[in-house]
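Presented below is the structure to which this report refers.
The values are calculated or read from the model by the stated rules, or taken from the named source; none is laboratory data. Please read these numbers as outputs of a predicted model, since none were measured by experiment. Because the Cβ atoms are built from the backbone with ideal geometry, glycine has one as well, and the counts that use them run over all protein chains shown. The area values use the complete protein model at the heavy-atom level, side chains included, leaving out ligands, DNA and RNA. Shrake-Rupley method; radii C 1.70, N 1.55, O 1.52, S 1.80 Å.
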Amino acid sequence: MAVDFVGNIYVADESNNRIQKFDTRGSFLTKWGREGSGPGQFKSPWGIACDALGNVYVVDSGNHRIQKFDGNGTFLCSFGNRGKTEGQLNFPYGIAVDREGCVFVVDSGNNRVLKYVPTEEEMNRGKERPAQAVEAGSVQPPRSLAVKAGDTEVFLSWMEVPGAQSYNLYFSTSPHITIQSATKIEGVMNPYTHEGLTNDTPYFYAVTASFEDGTESGLSEEVTAMPVLIDITAPQNPMPSSITARS
(Lines give C-alpha, C1' and ligand atoms only; values in the text may rest on other atoms or scores of the structure.)
Protein backbone atom coordinates (compact mmCIF):
# COMPACT_ATOMS: atom_id res chain seq x y z
CA MET A 1 0.00 0.00 0.00
CA ALA A 2 1.11 3.59 -0.67
CA VAL A 3 -0.34 7.05 0.04
CA ASP A 4 0.18 10.10 -2.19
CA PHE A 5 0.71 13.69 -1.04
CA VAL A 6 -3.03 14.44 -0.84
CA GLY A 7 -3.93 11.23 1.00
CA ASN A 8 -5.18 8.99 -1.81
CA ILE A 9 -4.48 5.31 -1.09
CA TYR A 10 -3.08 2.86 -3.65
CA VAL A 11 -3.19 -0.89 -3.07
CA ALA A 12 -1.23 -3.54 -4.98
CA ASP A 13 -3.89 -6.24 -5.39
CA GLU A 14 -1.43 -9.07 -6.08
CA SER A 15 -3.73 -12.01 -6.77
CA ASN A 16 -5.97 -9.94 -9.05
CA ASN A 17 -2.99 -8.42 -10.91
CA ARG A 18 -4.25 -4.89 -10.56
CA ILE A 19 -3.88 -1.63 -8.64
CA GLN A 20 -6.83 -0.12 -6.78
CA LYS A 21 -7.11 3.53 -5.74
CA PHE A 22 -9.19 4.88 -2.83
CA ASP A 23 -9.68 8.33 -1.36
CA THR A 24 -8.84 9.26 2.24
CA ARG A 25 -12.25 7.98 3.42
CA GLY A 26 -11.75 4.61 1.75
CA SER A 27 -14.17 5.29 -1.12
CA PHE A 28 -13.20 3.48 -4.32
CA LEU A 29 -11.93 5.78 -7.10
CA THR A 30 -10.43 3.68 -9.88
CA LYS A 31 -8.43 0.56 -10.74
CA TRP A 32 -6.10 -0.56 -13.50
CA GLY A 33 -4.19 -3.62 -14.67
CA ARG A 34 -4.75 -7.25 -15.57
CA GLU A 35 -2.56 -10.32 -15.93
CA GLY A 36 0.02 -10.09 -18.69
CA SER A 37 3.41 -8.71 -19.67
CA GLY A 38 2.44 -5.65 -21.71
CA PRO A 39 2.42 -2.02 -20.54
CA GLY A 40 -0.03 -1.63 -17.68
CA GLN A 41 -0.30 -5.38 -17.18
CA PHE A 42 1.04 -7.26 -14.17
CA LYS A 43 2.24 -10.60 -12.94
CA SER A 44 1.98 -10.56 -9.13
CA PRO A 45 2.41 -6.83 -8.42
CA TRP A 46 3.85 -6.51 -4.94
CA GLY A 47 5.58 -3.31 -3.84
CA ILE A 48 4.10 0.11 -4.56
CA ALA A 49 5.25 3.68 -3.87
CA CYS A 50 4.33 7.27 -4.75
CA ASP A 51 6.70 10.11 -5.55
CA ALA A 52 6.30 13.73 -4.46
CA LEU A 53 4.10 14.48 -7.48
CA GLY A 54 1.66 11.61 -7.00
CA ASN A 55 3.11 9.32 -9.68
CA VAL A 56 2.78 5.63 -8.78
CA TYR A 57 5.61 3.07 -9.05
CA VAL A 58 4.60 -0.60 -9.05
CA VAL A 59 6.93 -3.55 -8.49
CA ASP A 60 5.78 -5.95 -11.22
CA SER A 61 7.51 -8.85 -9.50
CA GLY A 62 6.69 -11.70 -11.89
CA ASN A 63 7.73 -9.61 -14.91
CA HIS A 64 10.97 -8.50 -13.16
CA ARG A 65 10.38 -4.79 -13.76
CA ILE A 66 9.11 -1.52 -12.32
CA GLN A 67 6.17 0.25 -13.96
CA LYS A 68 5.42 3.94 -13.51
CA PHE A 69 1.93 5.46 -13.81
CA ASP A 70 0.31 8.79 -13.12
CA GLY A 71 -2.17 8.96 -10.26
CA ASN A 72 -5.08 7.86 -12.47
CA GLY A 73 -3.36 4.77 -13.88
CA THR A 74 -2.03 6.11 -17.18
CA PHE A 75 1.12 4.18 -18.08
CA LEU A 76 4.22 6.38 -18.23
CA CYS A 77 7.21 4.05 -18.53
CA SER A 78 8.82 0.85 -17.23
CA PHE A 79 12.38 -0.18 -16.42
CA GLY A 80 14.21 -3.37 -15.52
CA ASN A 81 14.25 -6.91 -16.91
CA ARG A 82 15.34 -10.28 -15.55
CA GLY A 83 19.03 -10.72 -14.93
CA LYS A 84 21.96 -10.10 -12.60
CA THR A 85 23.82 -7.25 -14.29
CA GLU A 86 23.48 -3.51 -13.63
CA GLY A 87 19.87 -2.35 -13.68
CA GLN A 88 18.43 -5.86 -14.07
CA LEU A 89 16.07 -7.43 -11.55
CA ASN A 90 15.18 -10.88 -10.29
CA PHE A 91 11.79 -11.03 -8.55
CA PRO A 92 11.95 -7.50 -7.09
CA TYR A 93 9.98 -7.02 -3.91
CA GLY A 94 9.96 -3.63 -2.14
CA ILE A 95 10.26 -0.07 -3.44
CA ALA A 96 10.67 3.49 -2.16
CA VAL A 97 11.02 6.91 -3.84
CA ASP A 98 12.86 9.83 -2.23
CA ARG A 99 12.02 13.52 -2.58
CA GLU A 100 14.47 13.97 -5.45
CA GLY A 101 12.76 11.27 -7.50
CA CYS A 102 15.36 8.52 -6.98
CA VAL A 103 13.84 5.04 -6.90
CA PHE A 104 15.14 2.33 -4.55
CA VAL A 105 14.20 -1.29 -5.32
CA VAL A 106 14.69 -4.40 -3.19
CA ASP A 107 16.02 -6.88 -5.76
CA SER A 108 15.22 -9.96 -3.67
CA GLY A 109 16.37 -12.64 -6.12
CA ASN A 110 19.79 -11.01 -6.44
CA ASN A 111 20.09 -10.16 -2.69
CA ARG A 112 20.71 -6.45 -3.25
CA VAL A 113 19.13 -3.01 -3.38
CA LEU A 114 19.25 -1.02 -6.62
CA LYS A 115 18.99 2.76 -6.95
CA TYR A 116 17.61 4.30 -10.13
CA VAL A 117 17.99 8.04 -10.72
CA PRO A 118 15.70 10.25 -12.85
CA THR A 119 16.65 10.52 -16.51
CA GLU A 120 17.92 13.78 -17.99
CA GLU A 121 14.53 14.27 -19.64
CA GLU A 122 12.75 14.01 -16.29
CA MET A 123 15.30 16.30 -14.63
CA ASN A 124 14.64 18.96 -17.26
CA ARG A 125 10.86 18.58 -17.16
CA GLY A 126 9.11 21.61 -15.70
CA LYS A 127 12.08 23.98 -15.93
CA GLU A 128 10.25 26.34 -18.28
CA ARG A 129 9.35 29.53 -16.40
CA PRO A 130 8.97 33.28 -16.97
CA ALA A 131 12.09 35.19 -17.95
CA GLN A 132 11.98 37.36 -14.83
CA ALA A 133 12.17 34.23 -12.67
CA VAL A 134 15.42 33.15 -14.31
CA GLU A 135 17.00 36.48 -13.43
CA ALA A 136 15.86 36.28 -9.81
CA GLY A 137 18.18 33.40 -8.90
CA SER A 138 21.18 31.59 -10.30
CA VAL A 139 20.46 28.10 -8.95
CA GLN A 140 18.00 25.54 -10.25
CA PRO A 141 14.43 26.18 -9.03
CA PRO A 142 12.13 23.43 -7.79
CA ARG A 143 10.68 21.46 -10.69
CA SER A 144 7.43 19.62 -11.41
CA LEU A 145 5.27 21.67 -9.07
CA ALA A 146 1.94 19.89 -8.54
CA VAL A 147 -1.24 21.18 -6.91
CA LYS A 148 -4.65 19.84 -5.95
CA ALA A 149 -7.59 21.91 -4.76
CA GLY A 150 -9.57 21.14 -1.60
CA ASP A 151 -12.22 22.91 0.47
CA THR A 152 -10.68 26.34 1.37
CA GLU A 153 -7.21 24.84 0.87
CA VAL A 154 -4.72 23.81 -1.78
CA PHE A 155 -2.20 20.95 -1.52
CA LEU A 156 1.21 21.53 -3.15
CA SER A 157 4.17 19.25 -3.79
CA TRP A 158 7.34 19.40 -5.88
CA MET A 159 10.61 17.64 -6.56
CA GLU A 160 13.31 18.51 -4.02
CA VAL A 161 16.31 20.65 -4.96
CA PRO A 162 19.56 19.08 -3.68
CA GLY A 163 21.04 21.12 -0.82
CA ALA A 164 17.96 23.27 -0.24
CA GLN A 165 17.32 24.10 3.41
CA SER A 166 13.67 25.10 2.89
CA TYR A 167 11.35 26.60 0.30
CA ASN A 168 9.46 29.86 -0.21
CA LEU A 169 5.93 29.83 -1.58
CA TYR A 170 4.72 32.73 -3.74
CA PHE A 171 1.01 33.06 -4.50
CA SER A 172 -1.47 35.50 -5.99
CA THR A 173 -5.02 35.61 -7.28
CA SER A 174 -3.64 36.99 -10.56
CA PRO A 175 -1.54 35.05 -13.09
CA HIS A 176 2.06 35.70 -14.17
CA ILE A 177 3.60 35.66 -10.73
CA THR A 178 6.85 37.48 -10.01
CA ILE A 179 8.81 37.60 -6.77
CA GLN A 180 7.98 41.29 -6.50
CA SER A 181 4.22 41.03 -7.16
CA ALA A 182 3.22 37.87 -5.26
CA THR A 183 2.62 37.23 -1.57
CA LYS A 184 5.49 35.27 -0.01
CA ILE A 185 5.30 32.53 2.62
CA GLU A 186 8.81 31.78 3.88
CA GLY A 187 10.27 28.51 5.09
CA VAL A 188 7.62 26.06 3.85
CA MET A 189 8.38 22.35 3.65
CA ASN A 190 7.45 19.86 0.96
CA PRO A 191 4.59 18.90 0.71
CA TYR A 192 2.67 21.96 1.89
CA THR A 193 -1.01 22.72 2.52
CA HIS A 194 -2.08 26.33 1.93
CA GLU A 195 -5.11 26.83 4.16
CA GLY A 196 -7.72 29.52 4.84
CA LEU A 197 -8.47 30.25 1.19
CA THR A 198 -11.66 31.49 -0.46
CA ASN A 199 -13.60 28.87 -2.40
CA ASP A 200 -14.28 29.44 -6.12
CA THR A 201 -11.33 31.83 -6.37
CA PRO A 202 -8.33 30.86 -8.54
CA TYR A 203 -4.94 30.96 -6.84
CA PHE A 204 -1.63 31.02 -8.72
CA TYR A 205 1.53 29.53 -7.23
CA ALA A 206 5.29 29.26 -7.72
CA VAL A 207 8.03 28.02 -5.39
CA THR A 208 11.69 28.89 -4.83
CA ALA A 209 14.42 26.97 -3.03
CA SER A 210 16.22 28.60 -0.10
CA PHE A 211 19.78 27.68 0.95
CA GLU A 212 21.75 28.01 4.19
CA ASP A 213 23.96 30.79 2.80
CA GLY A 214 20.89 32.93 2.08
CA THR A 215 20.76 32.15 -1.66
CA GLU A 216 17.30 31.86 -3.21
CA SER A 217 16.61 30.15 -6.52
CA GLY A 218 14.44 31.50 -9.29
CA LEU A 219 10.74 30.71 -9.41
CA SER A 220 9.43 27.33 -10.43
CA GLU A 221 6.87 27.01 -13.18
CA GLU A 222 3.53 28.63 -12.33
CA VAL A 223 0.47 26.52 -11.55
CA THR A 224 -3.07 27.35 -10.52
CA ALA A 225 -5.84 25.72 -8.50
CA MET A 226 -9.33 26.78 -7.40
CA PRO A 227 -10.55 25.67 -3.95
CA VAL A 228 -14.12 24.36 -3.97
CA LEU A 229 -16.69 23.32 -1.40
CA ILE A 230 -16.72 19.52 -1.27
CA ASP A 231 -20.08 17.81 -0.85
CA ILE A 232 -19.13 14.56 0.91
CA THR A 233 -22.57 13.07 0.12
CA ALA A 234 -22.01 13.41 -3.64
CA PRO A 235 -19.95 10.99 -5.78
CA GLN A 236 -16.38 12.24 -6.03
CA ASN A 237 -14.72 12.75 -9.41
CA PRO A 238 -11.28 11.06 -9.42
CA MET A 239 -10.15 13.35 -12.26
CA PRO A 240 -9.75 16.84 -10.72
CA SER A 241 -10.51 19.53 -13.29
CA SER A 242 -9.63 22.68 -11.33
CA ILE A 243 -5.87 22.44 -11.85
CA THR A 244 -3.88 23.74 -14.79
CA ALA A 245 -0.23 24.55 -15.31
CA ARG A 246 1.29 27.72 -16.72
CA SER A 247 4.72 28.54 -18.03
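Just want to confirm a number: the relative contact order over the chain, from Cα pairs under 8 angstrom separated by 6+ residues, in percent.
This gives 14 percent for the chain.
Quick one: how many lysine pairs in the chain have C-alpha atoms under 29 angstrom apart, if they're 8 or more apart or on different chains?
21
What number comes out for the charge environment of Cys50, summing +1 per Lys or Arg and -1 per Asp or Glu over other residues with Cβ under 15 Å away?
-3
Looking at the chain, what % of its DSSP beta bridges pair antiparallel, to the nearest 5?
Antiparallel bridges make up about 95 percent of those DSSP assigns within the chain.
Return one whole number: the accessible area per residue of region 17-76 in Å², for a 1.4 Å probe.
39
So, with a 1.4 angstrom probe, what is the percent of accessible area on the chain that is carbon and sulfur?
Of all accessible area on the chain, carbon and sulfur atoms account for 49 percent.
What residues have an amide H closer than 5 Å to that of Leu197, excluding those fewer than 5 places away on the same chain, when H is modeled at 1.01 Å from N in the peptide plane?
Long-range HN contacts for Leu197: Glu153.
Once phi is turned into ³J(HN,Hα) by the Karplus curve 6.51 cos²θ - 1.76 cosθ + 1.60 with θ = phi - 60°, what whole-Hz value does each residue of region 40-56 show in order, with x for glycine and proline?
Here the 3J(HN,Hα) series is x, 9, 9, 9, 6, x, 10, x, 8, 8, 10, 8, 5, 9, x, 5, 10 Hz.
Taking amide H positions as placed 1.01 Å from N in the peptide plane, with prolines and chain starts having none, which residues 5 or more places from Phe42, or on another chain, fall under 5 Å of its amide H?
Arg34, Glu35, Gly36
For Leu29, Leu229, Leu219, give me the order by solvent-accessible area with a 1.4 Å probe, most accessible first, ignoring ligands, DNA and RNA.
Accessible-area ranking of Leu29, Leu229, Leu219, largest first: Leu229, Leu29, Leu219.
With θ set to phi - 60° and the Karplus curve 6.51 cos²θ - 1.76 cosθ + 1.60, what are the ³J(HN,Hα) couplings of region 166-174 in order, to the nearest whole Hz, using x for Gly and Pro?
7, 9, 10, 9, 10, 9, 7, 8, 10
Sorted by accessible area (1.4 Å probe), largest first, how do Met159, Met189, Met1 line up?
The residues order as Met1, Met189, Met159, largest area first.
Can you sort Glu222, Glu14, Glu195 by 1.4 Å-probe accessible area, starting with the largest?
Reading off the accessible areas and sorting them downward yields Glu195, Glu14, Glu222.
Leaving out ligands, DNA and RNA but keeping every protein chain, what accessible area does Asp4 have, in Å² rounded to the nearest 10, with a 1.4 Å probe?
Counting only protein heavy atoms, Asp4 exposes about 20 Å² to solvent.
Taking loop as defined by DSSP and a crowding limit of 16 other beta carbons within 10 Å, which trypsin sites (Lys or Arg not before Pro) in region 21-84 fit? Mind showing how you got there, number by number?
Working: sites: Lys21, Arg25, Lys31, Arg34, Lys43, Arg65, Lys68, Arg82, Lys84; in loops: Arg25, Arg34, Lys43, Lys84.
Answer in residue order: Arg25, Arg34, Lys43, Lys84.
Can you pull the one-decimal nm distance between simple spin-label points at His176 and Thr30, each 7 Å off the Cα toward Cβ?
Using points 7 Å along Cα→Cβ, the separation is 3.4 nm.
Using only the alpha carbons of the chain, determine the length spanned along each of the three principal axes and report them from longest to shortest in whole angstroms.
Extents along the principal axes, in whole Å: 54, 47, 24.
Can you list residues whose amide H is under 5 Å from Arg82's amide H, if they're 5+ apart or on another chain and H is modeled 1.01 Å from N?
It is Leu89, by chain and number.
Using θ = phi - 60° and the Karplus curve 6.51 cos²θ - 1.76 cosθ + 1.60, what whole-Hz ³J(HN,Hα) does each residue of region 190-204 get, with Gly and Pro shown as x?
Rounded to whole hertz, the list is 9, x, 9, 10, 8, 9, x, 8, 9, 4, 6, 10, x, 10, 10.
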